[in-house]
Amino acid sequence: MSIQDILSKDTLSREDIIRLLSAETPEEIELIRSKAYNTMLEYVGDKVYLRGLIEFSNYCVNDCYYCGIRKSNANTERYLLSVEQVIEAAKLAAEFDYGSVVLQSGDRRDEQFIEYVVSCIKGIKDATKSEKYPEGLGITLCVGEQTEETYRRFFEAGAHRYLLRIETTNPELFSKIHPPQQKLEARIEALNTLKKVGFQVGTGVMIGLPGQTLDDLANDVLFFRNMDIDMIGMGPYLPHNDTPMGKQYETTEEIKKWRFELSLRMIAVCRIVLKDVNIASTTALQTIHPTGREEGLRYGANVIMPQITPTEYRKNYMLYEDKPCVSEFAAECHSCMQMRIASVGRSIAYGVWGDPLHFRNKQKN
Ligand code: SAM
């Protein structure tokens, strides 16, 4: 079947998705990109929603083999922002009119941490309430696997979106990139629990992992569809020298190029298959290519997360090497982001939470 025939179908099969992901000629890729872009325009419009990203701590109890802030990396200087610093950063987001913030950190499950996150959520809500934001800024959490009770406490405190990447849905690959105590089933259960608690739920995968196939990525897309996911955040796998995977696998320029292009095709395929979800154009895309985030927008993404972590801490939140925006101030990231978004003919939806339409549409049905 030709790419054009596949793109005219209502529901894509696994084989169709694999065929789209394996497209190589510029003509085929452009067909996929423009179908994704038009699907985006039809289902979610052309606005870009912003979430100020606060990476509030790099302490982590997990030991993922790919991640620079894994617990065994002794070369990372650990930090935890104070609740006041987190609230100050969120106030800056409100000043810039971002509408929402994302609170992200390494995984911790101790009571002190849970209480701290609850205080940050409540503090942000109180500090950012205004005529424009009667309920304060929208808050997305990205703080890993927690118990149902903890998820409830976060939700009741006022967070309403949660990002938890599945990383890969291939059980064998999942167990190759994580220590034995981290389980794929536990991630799936956590995603189900988040939905049950009432969160708008986001997930995603790393793209171009050593040993990952197009079959795997097609299964990932079908997983997103079957799980009725509201938001997608994904990007290329990038090496970090102080990790087992960074040491084991060589990353050539050719591999980087392949990972970048495959990541863009994944964004496009997710847009075509999932239609009304929010899709982020992530920092990892900009790390692998100087205009990666703009390209993500051209392939159907509609969310960007500008950095608002206080500058002196950014260099310690190195999930992978060459992470951009580590020495800029939030105001610089703000104007850089505006320029980048405008450069691909898109405009920013200021002052709104920007919830995924998929979540609202589900509730109507
Ligand atoms: N602890 C939380 C969690 O695990 O969901 C949030 C922080 S975690 C560092 C955020 C995401 O960073 C992970 O889900 C993973 O996909 C991504 N990440 C970590 N190391 C990476 C790498 N080397 N390349 C690309 N993405 C990476």
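The values are calculated or read from the model by the stated rules, or taken from the named source; none is laboratory data. Just so you know, these numbers come straight off a predicted model, no measurement behind them. Glycine also receives a Cβ, built like all others from the backbone with ideal geometry; neighbour counts cover every protein chain displayed. Ligands, DNA and RNA are excluded from the accessible area calculation, which covers all protein heavy atoms including side chains. Shrake-Rupley method; radii C 1.70, N 1.55, O 1.52, S 1.80 Å.
Among the residues in the stretch 69-81, are any within 16 Å of the ligand (Cβ to nearest atom) and assigned to a helix (DSSP H, G or I)? Looking through the stretch 69-81, none of the residues is within 16 Å of the ligand (Cβ to nearest atom) and assigned to a helix (DSSP H, G or I). Identify all residues within the stretch 202-220 that are of a type in the set (A, V, I, L, M), more than 12 Å from the ligand (Cβ to nearest atom) and buried (at least 17 other Cβ atoms within 10 Å of the Cβ); write none if there are none. Listed by number, the residues that qualify are LEU217, ALA218. Tallying residues that are of a type in the set (Gly, Ala, Ser), farther than 27 Å from VAL205 by Cα and not in a loop (DSSP other than H, G, I, E, B) within the stretch 109-164 yields 4.
Across the stretch 165-216, the number of residues qualifying as in contact with a Cys (Cβ under 8 Å, 6 or more places away or on another chain) and part of a helix (DSSP H, G or I) comes to 1. Scanning the stretch 10-24 for residues that are at pLDDT 95 or above, within 15 Å of ALA268 (Cβ to Cβ) and not hydrophobic (A, V, I, L, M, F, W, C) turns up ASP16, ARG19, SER22. Applying the selection to the stretch 87-108, what residues are within 11 Å of the ligand (Cβ to nearest atom) and either assigned to a loop (DSSP other than H, G, I, E, B) or open to solvent by 60 Å² or more (accessible area, probe 1.4 Å) (or both)? Selection gives GLY106, ASP107, ARG108.
Residues that are within 22 Å of ASP215 (Cα to Cα) and either without any contact (Cβ under 8 Å) to a residue 24 or more places away in the chain or hydroxyl-bearing (Ser, Thr, Tyr) (or both) within the stretch 263-303 comprise SER263, TYR299, listed in sequence order.
The set of residues in the stretch 40-68 being more than 15 Å from the ligand (Cβ to nearest atom) and open to solvent by 10 Å² or more (accessible area, probe 1.4 Å) consists of LEU41, GLU42, TYR43, VAL44, GLY45, ASP46, LYS47, TYR49. In the stretch 314-324, the qualifying residues are those that are within 14 Å of the ligand (Cβ to nearest atom) and either on the phi > 0 side of the Ramachandran plot or out of contact with any helix residue (DSSP H, G or I) (no Cβ under 7 Å at 6 or more places or on another chain) (or both), and the one that is most open to solvent (accessible area, probe 1.4 Å) is ASP322. Quick check on the stretch 75-86. Is at least one of its residues open to solvent by 20 Å² or more (accessible area, probe 1.4 Å), at pLDDT 95 or above, of a type in the set (Ser, Thr, Tyr) and under 19 Å from CYS325 (Cα atoms)? Yes: one or more hits.
So which residues in the stretch 260-274 are open to solvent by 10 Å² or more (accessible area, probe 1.4 Å), farther than 12 Å from MET234 by Cα and touching a Leu at 6+ places or on another chain (Cβ under 9 Å), if there are any at all? Those that are open to solvent by 10 Å² or more (accessible area, probe 1.4 Å), farther than 12 Å from MET234 by Cα and touching a Leu at 6+ places or on another chain (Cβ under 9 Å): ILE272, VAL273.
In the stretch 1-25, of all residues being within 27 Å of the chain's Cα centre (by Cα) and either of a type in the set (Val, Ile, Thr) or over 21 Å from ARG225 (Cα atoms) (or both), the one that is surrounded by the fewest Cβ atoms within 10 Å (Cβ to Cβ) corresponds to THR11.
Only one of the listed residues (GLU135, GLU145) is within 16 Å of the ligand (Cβ to nearest atom) and open to solvent by 30 Å² or more (accessible area, probe 1.4 Å). That residue is GLU145. Scanning the stretch 151-171 for residues that are more than 10 Å from the ligand (Cβ to nearest atom), open to solvent by 30 Å² or more (accessible area, probe 1.4 Å) and of a type in the set (A, V, I, L, M, F, W, C) yields a single hit, PHE155. All told, ILE18 meets the bar of being closer than 21 Å to ASP220 by Cβ, assigned to a helix (DSSP H, G or I) and of a type outside the set (Lys, Arg).
The criterion of at least 1 residues that are within 15 Å of the chain's Cα centre (by Cα) is met by the following helices (runs of 4 or more DSSP H) wholly inside the stretch 279-365: 283-288, 292-298.
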